[in-house]
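We did not get these values from a lab; they are worked out from the coordinates using the rules stated. It should be emphasised that the depicted structure is a prediction, and the values quoted were computed from it without experimental measurement. So basically every Cβ, Gly included, is an ideal-geometry build from the backbone, and we count neighbours across all protein chains shown.
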């Protein structure tokens, strides 16, 4: 059942709508905010005074209006009004960034994560790194809003528990939120990597002001973070965005989920490496990668990407084939959800992301239905850090975004 | 940019939330409404008085409370407080129903639609039928809320214009909303059949109180009507729910959209008939349908369904094969959107709907990821009329559902 709403909440909501309007523009006047939001001049004036008092917003360059009348006072977010930390936990690496309220990363660090690392070790390392980043930046501690953690699923974002993400041994039911809160003293929010990356792209990246889009995150798993009608979409049980097990071929390779021809079978590093190795074994001796046949088990995705960029046909063709299958799945998602934009990111794309982008664009051009819509394909602004920047954005988003759902009291 | 909200709208919204609560329950007290909605007893009391005065709600059976205290006064929707008409325009048939506010169909009628029928003819026929239904029912005219129209897309729901639905010749840019408004004098709302069926299922059917579900409508086209987080989801340009062109096999049959292996190629009547005919020609002489080989072009889907129900192996296997492909596509959608329920309906399923349901359930059991969720598969409560009942529900829904989005003023 839906809950009702009340006055106090409406005031909070309107304040966040005004803040969102200021954040979305690069300099906007009170009059323009009133036009954009439909709120009265008096309401805007009250809210802006409150935001200025709280230091969240600053007045900037008094532009003379075009008609030469009273100079126009612009309002901007004060980037130093708040900060957030964001951590990406990955199978082989931990990344940590420090973001300001304006969305700029101030500091970042990466640590290799040895296989089989215990959760306690990771928490200790993250807490230590956070302290170092905060000390280096100087003067941010008092305004720290919290620490966001992005991780491959499955996980429970509400309670901040990880349930043995793929490739993480001995990580059954890790209460990472509680562990990190106790060790750092900061509020901690946990989200899956695709969802966090989607929030990040909306907060600081290519999807600013875009209400219907998906972030397709190709890391160790393959997930979609969905923003629908301007809001994060989580689904009935919080597991929305499972994308890697989209069926693409009933006669395709077997998947550990019990199905055949799942998207992940065409996009994961392991599968691309196997496909390349098969071609090398079949005698593609002109490939730059041919010598790797002598080092079984040592060819990695980064090497294949580098070969593709250097012009190697086998490497380029296999990455393109992977991108084509991704494109087929993405077209299905765009058809179903009528999205305006798809953002590609995650570590598995790396510097070959442009190949994936090209193939996805090609698929949209060829098989989108109905055809007339325009759908943009973008590469994540945060590159390899899209998970960590996203995790920090989740904290900023939770603190400052207008959430219509929060109007409901039940 | 998001719009702000104001007091008057909050009052309307709360009234609709209360109405929705009463509608969703079969008898509910003021105290229970307060608990469900989080609104104060005083607010509930004011709203309920207004709803009683307007005749939208009636007090019913004063149950004694369990503890033997003051008898509990229950509130219920007054089913005769309003009525709506719903029309389904299909390639070969027009259906019209009269629904009351309680969601019961009071009258219904069907007309065969000869191929090539002009829009003006269809409008004239609908208006005449509407008049007859209203006269037969008696006493509903004054409380008629409007006429809903469900049609295969592509269409523009906002302006009520149809753009040559598949199979409709000379139906380019038909302003059906305006035409029907002029002829009937009622407000007209137009929606695509899958979307309308989804609204109908939520208003009167299996999806009452279900916030995340899809209605998969298999008529002449194949579409999905999406209800996400309790609201109709339309996407960025209003074309959300395109499902028939989901890619299921890169080596599958060619589709007119330019792709291969689209879902529609496994589910449309034409394709199922062709598949059966291929098997008959290949010598499946024991099939009940074998004699149809002598009547080329005359075998239809209804006959195949009847044969399957009568135990014919060829017919049953081909319908099951079609259902399996539908199941693969539906699992992808459920994975992506984390739905609680999928409702199947539309004329192409007919009395063989149970075969599709079985195959979709089987697919969810086998290849859903992650596995632990429970997803219900239901057949539409409105059967063949799911489009028409849905169209009438669109009118009721527009009049009486709490729409959080309407809180925004921009």
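Here are a few things to note about the model shown:
- In degrees, nearest ten, helix B:193-204 long axis to first principal axis of chain B (Cα): 40
- Shortest-first nm distances, residue B:73 label point to equivalent points in other copies (7 Å, Cα→Cβ): 5.3
- Hypothetical label at residue A:158: residues of region B:213-257 whose amide nitrogen lies under 20 Å (7 Å Cα-Cβ projection): B:213, B:228-231
- Spin-label model distance (nm) - residue A:125 vs residue A:374, 7 Å beyond Cα toward Cβ: 4.5
- Exercise: per-residue mean of other protein chain Cβ atoms within 10 Å, A:325-333: 4
- Taking all Cα pairs closer than 8 Å and separated by 6 or more residues, the relative contact order of region A:312-390 comes to 40 percent.
- Counting only other chain Cβ atoms within 10 Å of each residue's Cβ, the peptide A:258-264 averages 4.
- Among A:13, A:215, a tally of other beta-carbon atoms within 10 Å of each Cβ gives an order, fewest to most, of A:13, A:215.
- Where a label projected 7 Å from the Cα of residue A:302 along Cα→Cβ would reach, residues of region A:101-132 with amide N under 14 Å: A:110-114
- R0 of 25 Å, Cβ-Cβ distance residue B:141-residue B:54: FRET efficiency to nearest 0.05: 0.85
- Rounded, prolate or oblate (a/c below 1.5 giving rounded, otherwise prolate when a/b exceeds b/c) for region A:206-380 by Cα gyration tensor: prolate
- Calculated label separations, residue B:258, copies of the chain, 7 Å along the beta-carbon direction, nm: 3.7
- If both residues of a DSSP beta bridge must be in chain B, then about 65% of such bridges are antiparallel.
- Global geometry of chain B, whether rounded, prolate or oblate, following the gyration tensor of its Cα atoms and the 1.5 cut on a/c: prolate
- Residue order for B:400, A:217, fewest other beta carbons within 10 angstrom first, comes to B:400, A:217.
- Taking the average, over residues, of other Cβ atoms within 10 Å as the packing measure, peptides B:381-387, A:187-193 rank A:187-193, B:381-387 from highest down.
- Euclidean distance between Cα centres, region B:125-146 to region B:210-266, Å: 34
- Mean residue ellipticity (222 nm) of chain B, computed from DSSP H runs ≥ 4 via -39,500 (n - 2.57), nearest 500: -12500 deg cm²/dmol
- Fewest-first ranking of B:243, A:227, using other Cβ atoms within 10 Å as the exposure measure: A:227, B:243
- Shielding of A:246-254 by partner chains, average beta-carbon count, 10 Å: 6
- Distance between the modelled labels on residue A:109 and residue B:183, one decimal in nanometres: 7.4 nm (7 Å Cα→Cβ projection).
- Between helix A:386-400 and chain A there is an angle of about 20 degrees, using the helix long axis and the longest principal axis of the Cα atoms.
- Restricting attention to region A:206-380, close to 55% of DSSP beta bridges with both partner residues there are antiparallel.
- With the label put 7 angstrom out from Cα along the Cα-to-Cβ vector, residue A:293 ends up 5.1 nm from the copy partners, going from closest to farthest.
- Share antiparallel - DSSP beta bridges, the protein assembly as shown, percent rounded to 5: 65
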